[in-house]
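What follows is one structure encoded as structure tokens, with my remarks underneath.
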Amino acid sequence: MAHAHPVKRYTGLMDWLTTVDHKKIGILYLIAGGFFFLIGGFEALLIRIQLWKPLNNFVSADTYNELLTMHGTTMIFLAAMPIIFALMNAIVPLQIGARDVAFPFVNALGFWTFLFGGLLLNVSWIAGAVPDAGWTSYLPLADPTYSPGKGVDFYVLGLQIAGIGTLVGGINFLVTIINMRAPGMSFMRMPMFTWSAFITSALILFAFPALTVGLVALMFDRLFSANFFNVSGGGNTVLWEHIFWIFGHPEVYILILPAFGIISEVISTFSRKRLFGYSSMVFATVLIGFLGFMVWAHHMFTVGLGPVANALFSIATMLIAVPTGIKIFNWIFTMWGGSIRFTAANLFAVGFVPTFVMGGVTGVMLAAAPADFQYHDSYFVVAHFHYVIVGGLVLGLFSGLHYWWPKIFGRMLSEGLGKLTFWTFYIGFHLTFFVQHFLGLLGMPRRVYTYLDGLGFNSMNLISTIGAFLMGIGTIIFIINIIVTAAKPKTASNDPWEDGRTLEWSIPSPAPEYNFLQTPLVRGYDALWKEKMDGNTGMSPAEPIGPIHMPSGSILPFIMSFGLFVAGFGFMYANNEWTGFVKEIFASHAVAGLGLGITLTCMIIRSLKDDHGFHIEPEELTKKEVKE
Amino acid sequence: MSAHSHLDGELPHEPERATLEGRNKVLGFWLFLGGETVLFGTLFSIFLALRDQVGDGNPTGQELFKLGTVAIATFILLTSSLTSVFAIQAMHRNHVKAMQGWLIITVILGLGFLGLEIYEFYEYIHEGHRFSTSAFSSSFYTLVGFHGAHVLFGIVWISLLIFQVARKGLNVVTAPKVYVAGMYWHFIDVVWVFIFTVVYLMGKVG
Ligand code: HEM
Ligand SMILES: [Cu+2]
């Protein structure tokens, strides 16, 4: 029965293009996200070079706007989000004792649409029409009158396509966590990282559709002369701000919650203690997710919504500081009295705590509406969000990467280089952004390509630029670490940190393609730690060894996403200055139609063709296990 | 565990939930509809914010909307929701022929709705209510058009399923698909009820 359908198994490049294995998809997300992180970082360095002295002319004002826009957009949507997805893919199924995710095919689709959306956005550099209206793309700046070229079109369509990928990815994780937990893995036994992945996915589900609609409306305005944001046609520019921030504020929590999860795991492991206040951590995470939807107008205090609206949003915003504070204290109490090991992963985690507190404090300062009239659109805001995003999320991601690297790749990163990464990056980070608080308070506006001499901005900007280069060096050291490590043999044991508490440390590193030879039986929170404390060597199985069913790979997700990419181009260049045949096929929307056709055809093929998958037989399984 | 060990033999009582794959699909689809709710919620908000921005000399909703046609369309779509329920009931009783019949009727009703909508848009355009006329017209066509596109997608999808069931029969792989398509169809209906109220009835009142 099991071998009734012989299945083609791909190797090499085709394996990566067709994979539906969440662990491989995690690696793909990591590579793509890392690649965009380098691009975004490079853009940041160019920005900082431009600003190192007053009246510099390293780049033109126009180029500066492009760099600034692409830096923000790239970092948030194409670097931070995918690297979060990388860790969620690599780790969440292992933490809940699942053999696979709920929708392996959709998961692959999510990756490829993200990648093609990101590529579309960045092709703008080659096309010579780069988005330059800021990552928030405010109107009327981004409308066809003030941004006539194709630049903002790349933003609209690139993000739209990448956004679809994120949305379906989020649904996949929600269903995986709800339906695929191992026996005994109740919700209140789930590791904190899984909890944060769960809430983040819920936020994605309810926040991203708002962005989808906003981008559609902006696209219609730009491509089909609609009037959503066109004031002369009765449109309303503030409407865009509402839509963008109804999505945008939950988005910042989408970013930070996984970092909270990572920090919880790492601090607990390396303090050799149970996470302090686990249930209050869960509660705080849920509450943050919930409140995150009620505060969007704190980005719009200066728009003129009136004192009542400002007061309400001000209070709602400050409320979020409460659950956030709970978490901070829980981390401190977890470390309290623990036998702490300062591995590279833990350095990042411990460094995260005070840094993130600083970002939270400036957040609450900004939340005071009257004071925000002073801070708004100044470098103070820039300092705030870099403290929470770089000092929070990015440190969290570095921590998670150092911690889970052996589980993902089977090799331990070098601890020495890891610690060097930490110190250069950490010091560089504070040099870059600490002074920006004061630049903001002195009145330096954000998003302006230069500043005058004699305003007292000079030395702080110089320090900031030096710090940025230090962060760049930290990143390079991390890359060297990766390369050095890749040359080492795959020797990581199941539980290389020896203090692993959760299920992923009960299986080989890297995890075999079926994750768990036998589904584990979970007997408590910190499932593996509990077995260790009871004197057991590993998890007790919940089932006998039997054939394991696996989904087969498919090239369709890749082609479907490629179709969307083509369609994006088609719509964008329907209005073009070319001549002859090329002009015609674009102008008649034939290219756009072709792209959509490719995607729809793939959907139909997918619907009609059943995937029976294949089975891995017990003999094959045990043989592998022995060899390991 | 695996879907295909159930492929042959007796069909379980609720075939859409018989396998983990099926349960995943149903849950995933509920969540997807949650996202769709936000999507339409945002479209409704935009419409409400812009519906009075008609511009000088352009027809208002009050002048344009013909409640008669819209009421017929509403009636057709609501009926199609009922026929899709009959289809799922037939599926649960394992009456494959009846299920297919009801699905075909659902598709035909959906096509009828779509035809009326296209005719309606066609008339509006002749009365000077084009997509780019005003903020009102842009938000009207986007909201109602998004719904129409969903109907179209549903028609294509359910037709494909009818074809699939004819070829492969009803089993634990096809049953969740039919069930989920039924959920989708109800969702579209609910959205339409809101469009009928918010766009047309409120528009007629002014
Ligand atoms: C204690 C929690 C927080 C509070 C009270 C808070 C408050 C605020 C306020 C009031 C603003 C608007 C400032 C202005 O434009 O005048 C703001 C901006 C911002 N915040 Fe936060 N924040 C918090 C946490 C976070 C977190 C965790 C993140 C991301 C991980 C974040 C990311 C941002 C970003 C990106 C902006 C600037 C957006 C832009 O204008 O480009 N914040 N924050
Ligand atoms: Cu915010």
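The values are calculated or read from the model by the stated rules, or taken from the named source; none is laboratory data. Since we're looking at a predicted model, the values are computed, not measured. Neighbour counts run over all protein chains shown; Cβ positions are idealised from the backbone, glycine included.
Being touching a residue at least 60 places away in the same chain (Cβ under 8 Å) and within 16 Å of ligand 2 (Cβ to nearest atom) narrows it down to one of A:Thr166, A:Thr176, A:Thr113, A:Thr136, so name that one.
When all the criteria are applied, what remains is A:Thr136.
Return yes when A:Ser459 is modelled with pLDDT of 95 or more and exposed (fewer than 14 other Cβ atoms within 10 Å of the Cβ) and no when it is not.
Considered against the rule, which asks whether it is modelled with pLDDT of 95 or more and exposed (fewer than 14 other Cβ atoms within 10 Å of the Cβ), A:Ser459 comes out as yes.
Testing A:Ser279 on (1) within 14 Å of ligand 1 (Cβ to nearest atom); (2) in contact (Cβ under 8 Å) with a residue 12 or more places away in the chain; (3) over 23 Å from A:Val394 (Cβ atoms), one condition comes back false. Which one is that?
(1)
Output the helices (runs of 4 or more DSSP H) that fall wholly within the range A:511-628 and possess 1 or more residues being β-branched (Val, Ile, Thr) and farther than 30 Å from B:Val178 by Cβ, or say none.
Details: elements: A:527-533, A:556-572, A:580-587, A:590-608, A:618-627.
The qualifying helices (runs of 4 or more DSSP H) are A:556-572, A:580-587, A:590-608, A:618-627.
Quick one: A:His71 ticks every box in (1) assigned to a helix (DSSP H, G or I); (2) surrounded by 24 or more Cβ atoms within 10 Å (Cβ to Cβ) except a single one, so which number is it?
Tallying (1) assigned to a helix (DSSP H, G or I); (2) surrounded by 24 or more Cβ atoms within 10 Å (Cβ to Cβ), A:His71 fails exactly one: (2).
Which of the residues belonging to the range A:380-410 are of a type in the set (S, T, N, Q) and surrounded by fewer than 24 Cβ atoms within 10 Å (Cβ to Cβ)? Before you say what the answer is, go through the steps one by one.
Our first condition is that a residue be of a type in the set (S, T, N, Q); within the range A:380-410, this holds for A:399.
If the condition is that a residue be of a type in the set (S, T, N, Q) and surrounded by fewer than 24 Cβ atoms within 10 Å (Cβ to Cβ), then no residue fits.
Looking at A:Thr269, A:Thr285, which one is away from ligand 1 (no atom under 16 Å from the Cβ) and buried (at least 23 other Cβ atoms within 10 Å of the Cβ)? Walk me through how you get there before you give the answer.
Numbers: A:Thr285 fails: away from ligand 1 (no atom under 16 Å from the Cβ).
On inspection, the qualifying residue turns out to be A:Thr269.
Out of A:Ala197, A:Ala210, A:Ala162, report the one residue that is within 12 Å of chain B (Cβ to nearest Cβ) and crowded, with 23+ Cβ neighbours inside 10 Å.
Testing whether each residue is within 12 Å of chain B (Cβ to nearest Cβ) and crowded, with 23+ Cβ neighbours inside 10 Å leaves just A:Ala210.
Residue check: is A:Ile177 part of a helix (DSSP H, G or I), of a type in the set (Val, Ile, Thr) and in contact with a Gly (Cβ under 8 Å, 6 or more places away or on another chain)?
Answer is no for this residue.
I'd like to verify a number: residues in the range A:222-241 that are in contact with a helix residue (DSSP H, G or I) (Cβ under 8 Å, 6 or more places away or on another chain) and more than 7 Å from chain B (Cβ to nearest Cβ), how many?
9
For A:Gly500, state whether it is closer than 30 Å to A:Met180 by Cβ, touching a Leu at 6+ places or on another chain (Cβ under 7 Å), small (Gly, Ala, Ser) and in a loop (DSSP other than H, G, I, E, B).
Spelling it out, A:Gly500 is indeed closer than 30 Å to A:Met180 by Cβ, touching a Leu at 6+ places or on another chain (Cβ under 7 Å), small (Gly, Ala, Ser) and in a loop (DSSP other than H, G, I, E, B).
In the range A:116-146, what residues are away from ligand 1 (no atom under 16 Å from the Cβ), in contact with a Lys or Arg (Cβ under 8 Å, 6 or more places away or on another chain), in a loop (DSSP other than H, G, I, E, B) and small (Gly, Ala, Ser)?
Matches in the range A:116-146: A:Ala129 only.
Could you tell me how many of the residues in the range A:323-375 are within 16 Å of ligand 2 (Cβ to nearest atom), closer than 19 Å to A:Ser196 by Cα and surrounded by fewer than 17 Cβ atoms within 10 Å (Cβ to Cβ)?
Counting residues in the range A:323-375 that are within 16 Å of ligand 2 (Cβ to nearest atom), closer than 19 Å to A:Ser196 by Cα and surrounded by fewer than 17 Cβ atoms within 10 Å (Cβ to Cβ) gives 0.
Scan the range A:238-260 and report the pairs whose first residue is over 15 Å from B:Ala49 (Cβ atoms) and in contact (Cβ under 8 Å) with a residue 60 or more places away in the chain and whose second residue is aliphatic (A, V, I, L, M) and within 11 Å of ligand 2 (Cβ to nearest atom), with Cβ atoms within less than 7 Å and a gap of 6+ or a chain change.
As it stands, the answer is A:Ile256/A:Val388, since those pairs meet every condition given.
So which residues in the range A:244-266 are out of contact with any Ser or Thr (no Cβ under 6 Å at 6 or more places or on another chain) and either away from ligand 1 (no atom under 16 Å from the Cβ) or not aromatic (Phe, Trp, Tyr) (or both), if there are any at all?
A:Ile246, A:Gly248, A:His249, A:Pro250, A:Glu251, A:Val252, A:Leu255, A:Ile256, A:Ala259, A:Ile263, A:Ser264, A:Glu265
Quick check, is A:Leu305 away from ligand 1 (no atom under 13 Å from the Cβ), modelled with pLDDT of 95 or more and not aromatic (Phe, Trp, Tyr)?
no
Here are the criteria: (1) surrounded by fewer than 18 Cβ atoms within 10 Å (Cβ to Cβ); (2) modelled with pLDDT of 95 or more; (3) polar (S, T, N, Q). Tell me which single one A:Gln50 does not satisfy.
(1)
Which one of these does A:Ser280 not meet: (1) surrounded by fewer than 21 Cβ atoms within 10 Å (Cβ to Cβ); (2) within 16 Å of ligand 2 (Cβ to nearest atom); (3) not β-branched (Val, Ile, Thr)?
It fails just one condition, (2).
Based on what the data block shows, is A:Met300 within 16 Å of ligand 2 (Cβ to nearest atom) and either among the β-branched types (Val, Ile, Thr) or surrounded by fewer than 22 Cβ atoms within 10 Å (Cβ to Cβ) (or both)?
For A:Met300, the condition - within 16 Å of ligand 2 (Cβ to nearest atom) and either among the β-branched types (Val, Ile, Thr) or surrounded by fewer than 22 Cβ atoms within 10 Å (Cβ to Cβ) (or both) - is met.
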